[in-house]
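We did not get these values from a lab; they are worked out from the coordinates using the rules stated. As the structure is a computational prediction, the values presented were derived from the model and not from experiment. Heads up, the Cβs are rebuilt from the backbone with ideal geometry, glycines too, and the neighbour counts pull from every protein chain shown.
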Amino acid sequence: MKLVIVSLASLASMVMAQNATGTSSSMFPSASPAWLSDVVPLQGNAQSYPTGPVPTGPFSGTINLTGYPTTWATPPTNSPQVQNAINAINWGLVPNSTVRSASSNGNLNFGGYDSANDPDCWWSATTCTSPKHQGVPTDIVNCPIPGTWGLTYDDGPLTSDGGQYAEPNLYDFLANNGNQKADLFYIGSNVITAPLAAQRALADGHTLCVHTWSHPPMTTKQNAEVVAEFYWTLHAIKEVTGVTPKCWRPPYGDVDDRVRAIAAQMGMQTIIWDEDTDDWNMPGSGGGNLPPSTVDGYFEGWIQARQNGTDNVSGHIVLEHELNNATVTMAEKWLPQIQKVFRVVPVSQCHNVTHPYWETAFTYPTDANPNPNTTASGTPSASSSKPSSSSSASTTTSAASTLTVSSALIVGLLALSATLF
Ligand SMILES: [Zn+2]
C-alpha cells in the first residue's frame, strides 16, 4: 500500500511537470519562434525519431556554415536577427533583476544580494529552482519516479580537440549499450565547429537542448546579451540539425528569474539537476584538479543508496559532461553499472515531453507513452530514413493527457517493483 501512495505522489508531480513544460505557462510560447523562420535547415538530417537501430561511426561530408558570430564570445546584440528576437519578447513579463557581476576569474559577486529572501531565485546564490516572480516556469530538477536516472551531458558536441574521444565516441558508446538515449545540452560554438556530430546525435534519438553560445554565467549578461546567447545557439542547432529545442540548461547553473523569463519567452524550459558528478573538474582540457577517484566515489554512493533503499524519494537528473577525454572516459566507465541499478532515460522521457522540439514530426517516447511511433498493428508510423510530415506524428499530445495517469501508474509501479529484487 505504501508503494502505491508513493507512486501516486510521484505521478502528481509528473503531471505538474508536464504542464510546466507545455503550453499552459503564461510565458511559454505556443508556436515555433517566428524569428527563426528564415533559418533553412541543412539537407540530409533525420526527419523523425529513430524507431530501430541507430547510426554509429562518424557522419561524413563537409559542412560550410556562414554568417555566424565569433565563437566563444557573447554575440553582438545589434544584428537584425538578434533585434528581431528582442522585439518579440514581452519585456513587461521579464523581472527587472540586477545584472550580476563576476571577477576576471569568473567568480560571481554575491555582494549586496539578499540571499536570505532570495528575491530573484538566483540558483548560484541559493540553489533556488522555484521562481519568486509570477508566471516564470519552475525549473525541472529531477525525474519524478524513484529509481530513474535522467541522463544528461553538457558542453557538447565534443569537437576534434577531444582526439579519439571527440564525438561520436560517446554517442557510439551509448548506441552500443542498450541504444541508450540522453539529453545533450549543446554549446552553439561547438555545434558549428562539429556539425556532423550534432546531426549524428539527432539521428541517434538523443534530445538536443541549448547550453548557450559561449558558456557565460548568464546572470552577468544584459537582457539583449542573454537573447543573443540563446538566439545564435538555437539558430545553429536549427540550421545544422533541423530542430528547435524547447529545453536549455544554464552554464554553471547560473540562472535567476530574469534569465528564466527570457528563456521561457524564447521557447525553452530551464533544466537543472539534483546530482552533480563534478566530472568537469577532473584534470583535462578545460578541467581542474579534482581526483577522478572522487567522481568514482559519487557514482558508487548513488548506486549504493539506491541498492540499500535510502534513495527512494524521487528519481534524479544527473549532470555529466562531454567536455574532454577525462569526462567521456568517466561517463563510459560508469554507464553500464548505472544501467544495472537505475532506469536510465532522457529527461524528456521521464517528464513526458512528447515533442521536445517545435518541429512536431519528432515524437519521442515517454514514460506515459513508450511507443508513440508505433501504430496499433505494431507498424512504425515513421522511420528515420524517410521524411514525414508534421501531421503524421501527432498522435500523442492530446491523447496522452487522458492516458497519462493510468499508463504512468503502470510504469511507476513497474519501476518500483524492479527495485524489490
Ligand atoms: Zn557547461
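Going from the residue with the fewest nearby Cβ atoms within 10 Å to the one with the most, T207, T360, T98, T277 rank T98, T360, T277, T207.
Please give the net charge around I187, taking every other residue with its beta carbon less than 12 angstrom from that of I187, where Lys and Arg add +1 and Asp and Glu add -1.
Once all neighbours under 12 Å are counted, the net charge is -3.
Close amide H pairs (under 5 Å, H built 1.01 Å from N) link A102 with N109, residues at least 5 positions away or on another chain.
Step through the table entries K181/K246; K132/K238; K181/K238, compare each Cα-Cα distance with 23 Å, and write down the pairs that go over it. Too far apart for the 23 Å limit: K132/K238. Residues whose amide H falls under 5 Å from that of T207, counting only those 5 or more places apart or on a different chain, are A182, D183, L184, with hydrogens built in the peptide plane. Once backbone amide H atoms are built at 1.01 Å from N, C143 has G150, G315, H316, I317 as its partners under 5 Å, excluding neighbours fewer than 5 places away on the same chain. Exposure proxy shown here: for H211, H351, the number of other Cβ atoms within 10 Å sets the order, fewest to most, as H211, H351.
Could you tell me which of rounded, prolate or oblate describes the stretch 188-282, using a ≥ b ≥ c as the square roots of the eigenvalues of the alpha-carbon gyration tensor, with rounded for a/c under 1.5 and, failing that, prolate when a/b is larger than b/c and oblate otherwise?
Values: a/c = 1.66, a/b = 1.23, b/c = 1.35.
Oblate shape, in that a/c is at least 1.5 and b/c is the bigger or equal ratio.
How much net charge surrounds V40 when only other residues with a Cβ under 13 Å from its Cβ are counted (Lys, Arg +1; Asp, Glu -1)? Value of the local net charge: -1. Computed from backbone phi, the HN-Hα couplings of the stretch 252-263 come to 6, x, 7, 9, 9, 5, 4, 5, 4, 5, 5, 4 Hz, rounded to whole numbers (Karplus: 6.51 cos²θ - 1.76 cosθ + 1.60, θ = phi - 60°; Gly and Pro given as x). Taking other C-beta atoms within 10 Å as the exposure proxy, K181, K340 rank K340, K181 from fewest upward. Couplings 3J(HN,Hα) for the stretch 58-73, derived from phi with the Karplus relation 6.51 cos²θ - 1.76 cosθ + 1.60 (θ = phi - 60°), are x, 6, 9, x, 10, 10, 10, 10, 10, x, 8, x, 4, 6, 6, 8 Hz, where x marks Gly and Pro. Across all directions, the shadow cast by the convex hull of the stretch 39-95 built on its C-alpha atoms averages 7.7 square nanometres.
When only Cα pairs below 8 angstrom with a gap of at least 6 residues are kept, the stretch 231-370 shows a relative contact order of 22 percent. If you take the Cα centroid of the stretch 233-291 and the Cα centroid of the stretch 205-224, the two points sit 5 Å apart.
Look at where the Cα atoms of the stretch 91-128 and of the stretch 327-348 average out, and the two centres are 33 Å apart. Cross-link partners for K221 among the aspartates and glutamates, with Cα-Cα distance under 12 Å and sequence neighbours closer than 8 places in the same chain left out: E229, D254, D256. Converting phi to 3J(HN,Hα) with the Karplus coefficients 6.51, -1.76 and 1.60 and the offset θ = phi - 60°, the stretch 197-206 yields 5, 5, 5, 4, 4, 5, 4, 7, x, 6 Hz in sequence order, with x at every glycine or proline. Remark: C-alpha extents of the stretch 291-383 on the principal axes read 49, 34, 22 Å, sorted largest to smallest. Local charge for S130 was computed over the other residues whose Cβ lies under 13 Å away, with Lys and Arg +1 and Asp and Glu -1, and equals -3.
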